[in-house]
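The structure appears below as structure tokens.
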Amino acid sequence: MKTLKTLFIALVCVAFAACTNSNTTPAEVAAKIDSHETLSEEDYSVMIDYCGEYARSAQQYFDIINEQPTDSTAEYSRAAQALATLKANSPYLDMFRTAIYAASDKQIGEKNIKKVQEYQKYEAFPLPEGSGPDLAIPDEVGVIEDMPDTDTTGVISTGDGIVVDESVK
């Protein structure tokens, strides 16, 4: 329990440190998203740092979980509980992940694309693998599923691979 308390305090400190480097707080960015305002590169920077710090903190738990032979070990259970606590203490995580996923590289900005590439080494950033376009591939516009389920929303073709924007600009 002491480890969870220490982790939470460390996460809060990191979040505050990340916010002090910017004039915009995560709460302000969330309010902009809720009111459908246009987001700036600084807003994307705040979101990317927020998700990145979560992913960096979560990685230690993913490492423990991935090393376990089954999900019934005590280590797995402790790590899964700590991961759930970490996620619960990150109220804007899903909102920011969705916004980052939906943004184009032009909206995010060149400096922030570099941050995205740095944070992508962590399992929890920015989205579960395979959930959409990879921001590290700027021309990617969609995913081609091998065998679509009954819900084919967003599926633009069948097969393996990705769809690339080949339009002349």
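Each value in this text was obtained by applying a stated rule to the coordinates, not by laboratory testing. Note that this is a predicted model, so its numbers are computed, not measured. In this analysis, Cβ positions are derived from the backbone assuming ideal geometry, glycine residues included, and neighbour counts consider all displayed protein chains.
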Enumerated helices (runs of 4 or more DSSP H) restricted to region 37-134, each holding at least 3 residues that are within 19 Å of residue 25 (Cα to Cα), under 14 Å from the mean Cα position of the chain (by Cα) and of a type in the set (A, V, I, L, M): 41-67, 93-102
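Restricted to region 48-81, and to residues that are among the charged types (D, E, K, R) and in contact (Cβ under 8 Å) with a residue 24 or more places away in the chain, which residue is farthest from residue 97 (Cα to Cα)?
Residue satisfying both the conditions and the ranking: 56.
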